[in-house]
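Novice: Take a look at the following structure, please.
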Amino acid sequence: MKLSRFAAFASSLLLGSVLALTGAGAAQAAESAAVDYVALGDSYSSGVGAGSYDSASGDCKRSTKAYPRLWANANAPSSFAFTACSGAVTTDVTGKQLGPLSSATDLVSITIGGNDAGFADVMTTCVLQSESTCVNRVNQAKGYVDSTLPARLDTVYNAIRAKAPAARVVVLGYPRFYQLAGSCIAGLSETERKAINGASDYLNAALAKRAADHGFTFASVVPAFTGHEICSGSAWLHSVNWLNIGESYHPTAAGQSGGYLPSFRSAA
């Protein structure tokens, strides 16, 4: 059947669009495949709380459902090194995790600072002690974020830049833990939940500033987790779990795939 001039034009335009999109997709895939990616950090990057831990990672508890692994699976980078470790503080990153970095590294992700600021002790204090003691401990942590953490972050960020001078470095933050006026009918008081959320925001602000000062990209996960905090009824974070304390207040598998992964992907 002979096409009309208009139909022939429309067909050629559609074909051209398809080819252009296909070419763009191929170019994007090729670009991802050329990336050398290193994932650093603490338990929020290793994937504690998401389950499916790689037995070879031992106490570092690197999960196959953690956002670095999910990103690598989806993008097939030319190399992927996963050194993030549960419980890591800034000195652990500089002392144990930077080995895979080199001048060839293109992309680095990191979550760090929460353990330095005493996150685990804050949560333990708030769960087991009085409201006033909880708020005081939160304020102590905020004081540490002001006085000590910036220099520790500088040390880590300088070390990353020295070993990977051309890499795009994405610093990811931490979620707010509680939906205020939410569905929880027991546990911490609303005052305690508000104080903990405020401390998370305070830490994130410090991380964002230090990242910007080093030319790194800060990726907030707060928007992605909004509506999925503890007490939301659709939580992507574990509440306190007396049978598995280590996973308490960490992202679930859904928190990694729905919260951290898209936040990282948009910044990578």
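Novice: Of (1) out of contact with any Gly (no Cβ under 7 Å at 6 or more places or on another chain); (2) assigned to a helix (DSSP H, G or I); (3) of a type in the set (A, V, I, L, M, F, W, C); (4) touching a residue at least 24 places away in the same chain (Cβ under 8 Å), ALA162 satisfies all except one. Which?
Specialist: (4)
Novice: Could you please let me know if ASP54 is surrounded by fewer than 17 Cβ atoms within 10 Å (Cβ to Cβ), modelled with pLDDT of 95 or more and under 20 Å from HIS250 (Cα atoms)?
Specialist: yes
Novice: Does ASP106 fit the bill of being acidic (Asp, Glu) and over 16 Å from VAL171 (Cα atoms)?
Specialist: So ASP106 fails the test.
Novice: Give the residues of the range 124-138 that are open to solvent by 10 Å² or more (accessible area, probe 1.4 Å) and touching a residue at least 24 places away in the same chain (Cβ under 8 Å), sorted by residue number.
Specialist: VAL127, GLU131, VAL135
Novice: Separate question: Checking LEU172 against (1) out of contact with any strand residue (DSSP E or B) (no Cβ under 7 Å at 6 or more places or on another chain); (2) within 14 Å of ARG210 (Cα to Cα); (3) surrounded by 19 or more Cβ atoms within 10 Å (Cβ to Cβ): exactly one of these is not met. Which one?
Specialist: Here LEU172 clears every test but (1).
Novice: What are the residues in the range 114-157 that are in a loop (DSSP other than H, G, I, E, B) and either within 19 Å of the chain's Cα centre (by Cα) or over 23 Å from SER239 (Cβ atoms) (or both), if any?
Specialist: Once the filter is applied, which keeps residues that are in a loop (DSSP other than H, G, I, E, B) and either within 19 Å of the chain's Cα centre (by Cα) or over 23 Å from SER239 (Cβ atoms) (or both), the range 114-157 yields GLY114, ASN115, ASP116, ALA117, GLY118, THR148.
Novice: Residues in the range 102-119 that are over 19 Å from VAL221 (Cβ atoms) and open to solvent by 10 Å² or more (accessible area, probe 1.4 Å): how many?
Specialist: Summing the residues that are over 19 Å from VAL221 (Cβ atoms) and open to solvent by 10 Å² or more (accessible area, probe 1.4 Å) in the range 102-119 gives 5.
Novice: Tell me, yes or no, whether the range 168-190 has at least one residue that is of a type in the set (Lys, Arg) and assigned to a helix (DSSP H, G or I).
Specialist: Checking the range 168-190: not a single residue is of a type in the set (Lys, Arg) and assigned to a helix (DSSP H, G or I).
Novice: Here are some residues: SER189, SER257. Which one is under 12 Å from the mean Cα position of the chain (by Cα) and either modelled with pLDDT of 95 or more or more than 25 Å from TYR144 (Cα to Cα) (or both)?
Specialist: Result: SER257 is the single residue among SER189, SER257 that is under 12 Å from the mean Cα position of the chain (by Cα) and either modelled with pLDDT of 95 or more or more than 25 Å from TYR144 (Cα to Cα) (or both).
Novice: Could you grab me the full set of residues in the range 225-246 that are in a loop (DSSP other than H, G, I, E, B), farther than 18 Å from SER86 by Cα and at pLDDT 95 or above?
Specialist: THR226, GLY227, HIS228, GLU229, CYS231, SER232, SER234, ALA235, TRP236
Novice: Still on this model: Which of (1) open to solvent by 30 Å² or more (accessible area, probe 1.4 Å); (2) assigned to a loop (DSSP other than H, G, I, E, B); (3) in contact (Cβ under 8 Å) with a residue 24 or more places away in the chain; (4) not polar (S, T, N, Q) does ARG210 not meet, given it meets every other one?
Specialist: (2)
Novice: Here's something else I'd like to know. Name the residue that is farthest from ARG265 (Cα to Cα), counting only residues in the range 58-68 that are open to solvent by 10 Å² or more (accessible area, probe 1.4 Å) and touching a residue at least 24 places away in the same chain (Cβ under 8 Å).
Specialist: Applying the filter and picking the extreme gives ASP59.
Novice: When you check TYR249 against the structure, is it in a loop (DSSP other than H, G, I, E, B) and of a type in the set (Phe, Trp, Tyr), yes or no?
Specialist: yes
The values are calculated or read from the model by the stated rules, or taken from the named source; none is laboratory data. Only a predicted model underlies this, so the values are computations on that prediction, with no experimental measurement involved. All Cβ positions, glycine included, derive from the backbone under ideal geometry; neighbour counts span all protein chains shown. Side chains are part of the model used for accessible areas, which takes the heavy atoms of the whole protein and leaves out ligands, DNA and RNA. Shrake-Rupley method; radii C 1.70, N 1.55, O 1.52, S 1.80 Å.
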